[in-house]
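Okay, so here's the structure we're looking at.
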There are 2 protein chains.
Amino acid sequence: MNGKVVKSIREAISLAGLKDGMTISFHHHLRNGDYVLNLVMEEVARLGIRDLTVNASSLFDIHLPLLDHIQSHVVTGIQTDYMSAALGREISRGAMEKPVQFRTHGGRPSDIALGRTPIDVAFIAAPAADPMGNCSGKYGKSACGSLGYAYPDAMYAKKVVVITDNLVDYPLLDWSIPESYVDYVVCVEEIGNPKGIVSGTTQITRDPVGLVMAQNAAKVIQYSGLLKEGFSFQTGAGGASLAAAKFLKDIMLRQQIQGSFGLGGITGYMVDMLQAGCFRSLLDVQCFDLKAVESIRTDPRHQEISAMHYASPSHRSAVVDSLDVVILGATEIDTDFNVNVHTDSSGCIMGGSGGHSDTAAGAKLAMIIAPMFRARLPIVTDHVTCVSTPGKDIDVLVTQGGIAVNEKNRELKERLTAAGLPVLDIHELKEKAERITGKPRKMPRGERTVAEVISREGTLQDVIYSVPDQD
Amino acid sequence: MNGKVVKSIREAISLAGLKDGMTISFHHHLRNGDYVLNLVMEEVARLGIRDLTVNASSLFDIHLPLLDHIQSHVVTGIQTDYMSAALGREISRGAMEKPVQFRTHGGRPSDIALGRTPIDVAFIAAPAADPMGNCSGKYGKSACGSLGYAYPDAMYAKKVVVITDNLVDYPLLDWSIPESYVDYVVCVEEIGNPKGIVSGTTQITRDPVGLVMAQNAAKVIQYSGLLKEGFSFQTGAGGASLAAAKFLKDIMLRQQIQGSFGLGGITGYMVDMLQAGCFRSLLDVQCFDLKAVESIRTDPRHQEISAMHYASPSHRSAVVDSLDVVILGATEIDTDFNVNVHTDSSGCIMGGSGGHSDTAAGAKLAMIIAPMFRARLPIVTDHVTCVSTPGKDIDVLVTQGGIAVNEKNRELKERLTAAGLPVLDIHELKEKAERITGKPRKMPRGERTVAEVISREGTLQDVIYSVPDQD
C-alpha cells in the first residue's frame, strides 16, 4: 500500500501548495533532538519560497539554523510558546523585523481552533506512522511519547504532512492523530536524535538551597487544605520542582492519600508517583524522559491528552481547570506576583510561558518556586521586565528564605501561618534579598519591540524590547 | 467535584438554550435499548418547544414515541442514516410534511463537519462519564462499546449534553469524547435497556439457502485475488453474512493468511477471527454484541474509530478507502447493480444505508449477498424502488442460484469463471428467479415524497415516495 506516501519532503511541500507569505507549523515533542523543522526549512529555502511565518509550539537550540532563514527572508514571522536561549538572544538583538508572537500551550491551540492563527501547512514529526497517516509518538527509534501539541496543527491546518522514520503497516493501532486529518506522508532516515528528544533521566536537585525550597514547597501543599483524596498535581522538570515532588510523594504515602491525576509534561518522577499509588492516573501532553515514554506506551493509567484537552481556554473545559496544585518557576516575580519566564536578567529572551499561564489560571493553588536571588539578583522586583503570567493567577512564592502569599488567597495565608511556616510579605522577601545582594540597578532596555506576549485568551499582554547593545 | 453536572435533562435543555426551529442530535449506539432520545423528547415537548429537526445517526422501533412528537409538531424534520420498520411504515404513510433526509454513516459526519447540517444541541448517551464530560461507551451497566457515531455531534454541535447513568470520578480514563467538547453532564437512572443495547450473541444462519449463499460468498473472496497477507474485511450482522465470515475464517486459517484489519459494526464473529489470528486488528465504529463490547474494552488490538475515521468522504481519508472486501445486504438490486436497502417490497421504509454506500464506494470488492427471491419476489429487478447505493460501486451479487459480476470488474469475472464458480449474467439471474416466482407485477407508488436519499457526497441521489393506500 502506497497510500499517501510521497517520496520526499520537497515533493510534499510542492503538493501541499506552499507559497510565499503562508504559515507553516511544527510541534516540539522531539525537543532539542528535532531534525524535522530544519529539514523542512532547508527544502523550503531551496524551493525559493519566502516570507513564511513559522508557528512552532516551542523552539530549541537545535533550531538555530532558523537564523539563516530569517536573514534570507525565508522566515519573516515566528509564533511560538517557548524559545530557548541561543535563539532568544538573537531575537532580542533584533534579528527579525516583525516581533515574535509568544503564546501559551493552551492559547496556541485555542487561537488555531478559533482561526486567529491559521496554518497553511502543518509538518508533523511522527515516531510511527502508517501509509495513510495514522500516527503516534509512542513507537520507534525516535519515540517521544505523547504527541499532544500536534493535535491542533493536524486538526486545523489546510494541509497536513506527516514526516516519519518508522513507516509501519496499515493500520497503525493506538494512533494519536488519525488519517482523517493527514494529506501526505514522508519517510526519512531520521526525524531526530534520540539523545536530544528525551533525557535518560531527569534529576532532582542536590543543591542545598534547592532542597530547602523543595521542602518548603511540599509543606505548603501539605498545609494548603488541598492535599486529600482526589488531589491533582502538576510540576515542571526543574531540579527543585522534582525535589518538591519527591517530598510530596513521601507525605502522600505516609498519609495514604491517593490523588486523582498528575498532569503535564510528565517526568519519570511522576511515573514513580503513579506506580507508588500516589495518583490514579497521569494525563500527559508531553513526555520529558524515557521512563515517561515507556509508561505512556505500556500503562493504561497513563494517557495522552491533546493540547486542547490540556489547556485550551476557548474549549468547553480543559484539564488545567480541574487542577489543584501546580509548581512553576520564574526568572523574576514582582510585588504584584506578576511572573516573568520569558527573559533573563539582561532582558534577553530565554524561555516562554509554555503551560505556565494556563496552569496558573486553572489551578486552585499556583505556586512559584525560586531562589531568593540568582547571581546576586533578587528574584522579587518592583516590576517584572515581562509579564508572562499575571499576578492575579499566582497564589504563593516559595523561596529558601520564606514564603510569600498573594493577598487574594487569604485562606492560604492563614493556613500556612497557622502551620508555622515562614510566611513573609512579598515586600519583606524582596528587602530580605536586597539586604544580601544590594539593590540591583535597573537594566536599561532597547527601543524596539522584538516580541509580543499574547495572553492565553488571545489579547496582547506585554511586549519584550530589544536588548540595548544592539540598538 | 460538581463540574458540569446539572440536575436534570430539563435543566440541560434550558441551559443549552434550545428554542423552536433548532436541530438536536442523537447517536444510536444504544440501538433498540436507547432511552435517551425518548427522555429528551419528552422534556422538550413538556417545555413547549416546537418545530425541531432531529438528526439521529439511526432510529429504532424503541423510538416510536417520536410519532407523537411529529403529530404535535414538536418534531418537524428528521435526518437519519437508518430507520427501522415500525417507524418507517408511518413515515411512508405520510406522517411528516417535510421529507425525511437519509444520509450514510460517512455522509452524516461529513455533512456535519462541512456545516451543511448544523446541530444546535447534541445529546450524547454515555455509559460512563465524569463530571467534566469525558465519556466512554466501554464501561458501566449500559456499556455499548464504541461511541464512534457520536464524535461528529460532540465536535461540531453548538452545545453538547452528555447523559449518563454511570458518573465516575474525574478523570475518566480511556475516554472516547474528551471534556473539551462537552457543556453539560446529566446523570439519570438508566440510559438504556441492556437487552436492547446489544444482543447476547449474534447468530449465523442455519437456513440451507443462506449457507449456500455464504459458501459462494466465501469462495468469491477466496478467488478474488484479494485474499492474501494484509487482507481487510467488513461484514454485516445478518445471518448469511456471518456464515460467510465463518467460511472465510476456515479458509484463512487453512491458508495461514493474516489480514490487516476487520472493520465495521463489529460482532463476536469478527472478535473470534481476531483471536484466531485471522486479523491483526479490529477497527470498530459500533459494537453489535456483548463479545464485541468485552473485546474493545480489553484487547488493545481492537480499537474504536470515529464516524469520520470510518467513512467520511470529505476528510483526507477514511478506513473504508483501504478496505479490500465488504459483504452487504439488499432488499432489491437491479440489472445495473443499483441496490435498495431503504424500502421493502411494498415500498415502505424499513432500513437505510448506514455504512452500505460508504463501504461499497471504498472497498476494492463490494459484494451483495442475497437470496434469489424473498416471499416470491425476485431480488433482481429492472429498476430498484430506491437507489441506496449506486451500481457503479457494487462489484458482485452472490445468491444461492448463481453469482453475477458487474461488467466494470472484468478481472473479477474472469477469476471467478476460471475458478469454476457459477457465474451468470445478472439478467440471466433475474430470469432464473422469475421462472420460479413468475414476473412480479410492478408495485404502484404514492405521489408524495416522504424521504430524500442524500448520497455520501451530499447530493440528492433518490427520493422515496409515499405508499399508495395512504395517498
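The values are calculated or read from the model by the stated rules, or taken from the named source; none is laboratory data. In this text the structure is predicted, and so the values were computed from the model without any measurement. Positions of Cβ are backbone-derived with ideal geometry, glycine not excepted, and every protein chain shown enters the neighbour counts. Surface areas here come from the heavy atoms of the whole protein model, side chains and all, with no ligands, DNA or RNA. Shrake-Rupley method; radii C 1.70, N 1.55, O 1.52, S 1.80 Å.
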Probe 1.4 Å - accessible area at B:Tyr35, Å² to nearest ten: 70 Å²
Karplus (6.51, -1.76, 1.60) ³J(HN,Hα), θ = phi - 60°, over the stretch B:292-299, in Hz, Gly and Pro reported as x: 5, 4, 4, 5, 5, 6, 10, 10
Nm distances between copies for B:Pro208, ranked from closest, using label points 7 Å along Cα→Cβ: 9.6
The stretch B:358-471 - percent relative contact order, Cα under 8 Å, separation 6 or more: 23 percent
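Under 37 °C and 0.692 mPa s, how fast does the stretch B:208-443 diffuse according to Stokes-Einstein, given a Kirkwood radius computed over C-alpha pairs? Answer in µm²/s, whole number.
For these conditions, the coefficient is 184 µm²/s.
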Efficiency of FRET between A:Met1 and B:Gln258 - r from beta-carbon atoms, R0 22 angstrom, step 0.05: 0.90
Accessible-area ranking of B:Asp299, A:Asp289, largest first, probe 1.4 Å: B:Asp299, A:Asp289
Contour minus Cα-Cα distance for A:Glu447 and A:Asp250 (0.36 nm per residue): 65.9 nm
Of B:Ala330, B:Pro440, B:Ser388, farthest towards positive along the dipole that unit charges on Lys, Arg, Asp, Glu beta carbons give the stretch B:326-471: B:Pro440
HN-Hα J in Hz across the stretch A:76-85 - Karplus 6.51, -1.76, 1.60, θ = phi - 60°, x for Gly and Pro: 10, x, 10, 10, 7, 9, 6, 9, 6, 5
Fraction of accessible area attributable to carbon and sulfur, the protein assembly as shown (%, probe 1.4 Å): 49 percent
Stretchable slack from A:Lys439 to A:Arg116, in nm (0.36 nm times residue separation minus alpha-carbon distance): 112.0 nm
Label geometry 7 Å along the beta-carbon vector: A:Pro422 inter-copy distances in nm: 9.4
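Would you mind getting me the FRET efficiency between A:Lys392 and A:Ser346? Use the beta-carbon distance for r and R0 = 25 Å, nearest 0.05.
Numbers: r = 27 Å, r/R0 = 1.10.
For R0 = 25 Å, the calculated efficiency reads 0.35.
What is the Rg over Rh value, at two decimals, for the protein assembly as shown, using alpha-carbon atoms and the Kirkwood definition of Rh?
1.03
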For the stretch B:10-158, convex hull volume per residue from C-alpha positions, Å³: 104 Å³
Computed over chain B: relative contact order in percent, which uses C-alpha pairs under 8 Å that are six or more apart: 16 percent
Average partner coverage of B:171-184, which counts Cβ from other chains inside 10 Å: 5
Residues in the stretch A:303-344 that, when all protein chains are in place, have 50 Å² or more less accessible area than the chain alone would give (probe 1.4 Å): A:Gln303, A:His309, A:Arg316, A:Ser317, A:Ser322
Probe 1.4 Å, all protein chains present, accessible-area order of B:Lys228, B:Lys4, A:Lys432, largest first: B:Lys228, A:Lys432, B:Lys4
Candidate lysines for bridging to B:Lys442, where Cα separation is under 26 Å - those fewer than 8 sequence places away on the same chain excluded: B:Lys392, B:Lys430, B:Lys432
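If you count only protein heavy atoms with a 1.4 Å probe, what accessible area per residue comes out for chain B, rounded to a whole Å²?
Averaged over the residues of chain B, the accessible area is 35 Å².
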Sequence of A:Lys413, B:Lys392 from largest to smallest accessible area, 1.4 Å probe: B:Lys392, A:Lys413
Total accessible surface hidden between A and B, rounded to 100 Å², 1.4 Å probe: 2900 Å²
Ellipticity estimate at 222 nm from DSSP helix runs (n ≥ 4, -39,500 (n - 2.57)) divided over the protein assembly as shown, nearest 500: -8000 deg cm²/dmol
Among the listed pairs B:Lys7/B:Lys98; A:Lys4/B:Lys408; A:Lys158/A:Lys364, those beyond 28 Å (Cα-Cα): B:Lys7/B:Lys98; A:Lys158/A:Lys364
Chain A shape via C-alpha gyration tensor axes, a/c threshold 1.5: oblate
Rounded to the nearest 10 Å², the accessible area of B:Asp395 at probe 1.4 Å: 10 Å²
Other-copy label distances relative to A:Pro118, 7 angstrom Cα-Cβ extension, nm: 1.9
